[in-house]
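Following: one structure in structure tokens, then a few remarks.
The values are calculated or read from the model by the stated rules, or taken from the named source; none is laboratory data. Model, not experiment: these values are computed from the prediction. Here the Cβ is made from the backbone with ideal geometry for all residues, glycine too, and neighbour counts use every protein chain on show.
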Amino acid sequence: MLVVLTGGTGGAKLVHGLSLEVAAKELVIICNTGDDFVCHGLRVCPDLDTITYTLAGLGDAARGWGIQDDSFVALEWLGKYGGESWFKLGDRDLALHITRTRLLAEAVPLSGITERIRGALGVQATILPMSDDRVETRIVTMEGELSFQEYFVKRHWADEVKKVFFAGAERSRPAPGVLDAIRTAEAVILCPSNPITSIGPILAVPGIREALTKTKSPVAAVSPIIAGAPVSGPAHKLMAGAGFEVSALGVAKAYADFLDKIMIAPEDRALEENIEALGLQALAAPIRMDSLEDKRRVARDVLASLRYM
């Protein structure tokens with residue numbers, strides 16, 4: 001069994017590649033839910049949905065989110081009635097959010113809902129939210145405190161980040177199956193996701209980081225930072241705001257207590273010695289994923305490093 005921790009579009013790319021290189025039933029994917037929020041009264045889980053759509057063959061690869069060829073008529077009409085339209089919910093996408101919100105109102109836990117949706121869309125891999133409890137990533141800026149989606153989507157991550165915290169994390173518990181998956185995994189992979197707001201919330205759930213430190217299985221990560229800059233998104237601002245160096249070395253330090261090896265870009269070979277001084281193995285290989293073949297190649301490389309193939 002291969003356990004994967006993921007969030008964001010970079011994570012979805014590697015998950016896609018992994019799903020084409022190993023049997024889907026071998027994959028257990030633990031998703032960030034710190035980005036979740038309520039939009040037009042509906043519970044939206046961006047990372048869970050992106051992974052589910054990707055594995056169902058429905059995802060919009062060009063945008064990195066949503067359903068391929070979806071329309072936005074409902075959103076247009078919500079705007080006519082004075083509703084906010086900055087967060088793009090497609091017409092077919094809305095069906096998932098309506099279903100999730102209804103089931104939550106019926107006291108079905110998020111993990112149970114995720115399992116129903118996975119089955120309905122024919123996804124063979126196991127998909128687990130990090131927690132059934134509400135954990136919300138909050139971004140503190142000069143303008144005040146924002147939800148992640150307000151910071152990232154509505155304000156286009158233009159604000160200077162002063163602090164990042166995860167509201168509710170200290171009271172949360174791992175979703176059913178999360179700790180057992182980590183304990184019994186043959187290998188664990190951390191995707192090239194934002195280490196602060198995509199992987200950070202998962203690690204903030206009590207028990208998950210400890211399980212990673214105790215597992216006897218190899219744990220590998222793929223860096224989302226190349227030559228001091230993120231492959232995409234605001235990871236540089238968020239890492240700096242959280243006090244981490246914006247580099248592959250900074251990523252390695254964020255995970256150093258449980259990580260065994262990290263894949264870095266060839267451009268970052270100069271960091272190998274400092275990374276290995278942390279007790280980790282640094283593996284330099286091309287890690288950009290601009291095409292389907294790139295995704296498969298990176299997946300093969302990280303699997304080979306774990307001797308999973």
Residue within region 292-307 that is of a type outside the set (D, E, K, R), assigned to a loop (DSSP other than H, G, I, E, B) and modelled with pLDDT under 95 present: yes
Filter result for Arg134 (of a type in the set (Lys, Arg), closer than 25 Å to Val22 by Cα and either in contact (Cβ under 8 Å) with a residue 60 or more places away in the chain or in a loop (DSSP other than H, G, I, E, B) (or both)): no
Any pair with Cβ under 7 angstrom, 6 or more apart, that starts in region 64-80 at a residue that is touching a residue at least 12 places away in the same chain (Cβ under 8 Å) and ends at one that is exposed (fewer than 11 other Cβ atoms within 10 Å of the Cβ) and among the hydroxyl-bearing types (Ser, Thr, Tyr): none
Meets criteria (at positive phi, within 18 Å of the chain's Cα centre (by Cα) and surrounded by fewer than 24 Cβ atoms within 10 Å (Cβ to Cβ)) for Gly228: no
Residues satisfying the stated conditions in region 169-190, i.e. surrounded by fewer than 17 Cβ atoms within 10 Å (Cβ to Cβ) and part of a loop (DSSP other than H, G, I, E, B): Arg173, Pro176, Gly177, Glu186
Within region 235-257, tally of residues that are farther than 12 Å from Ala282 by Cβ and part of a helix (DSSP H, G or I): 11
Test result for Gly200, surrounded by fewer than 17 Cβ atoms within 10 Å (Cβ to Cβ), under 25 Å from Leu128 (Cα atoms), at pLDDT 95 or above and not basic (Lys, Arg): no
Single residue of region 264-287 satisfying the filter (surrounded by 15 or more Cβ atoms within 10 Å (Cβ to Cβ) and assigned to a loop (DSSP other than H, G, I, E, B)) that is nearest to the chain's Cα centre (by Cα): Ile287
Strands (runs of 3 or more DSSP E) contained in region 1-79 and holding at least 2 residues of a type outside the set (Ser, Thr, Tyr), modelled with pLDDT of 95 or more and more than 22 Å from Arg116 (Cβ to Cβ): 2-6
Residue count for region 111-132, restricted to those that are in contact with a helix residue (DSSP H, G or I) (Cβ under 7 Å, 6 or more places away or on another chain) and either at pLDDT below 95 or under 21 Å from Ala169 (Cβ atoms) (or both): 7
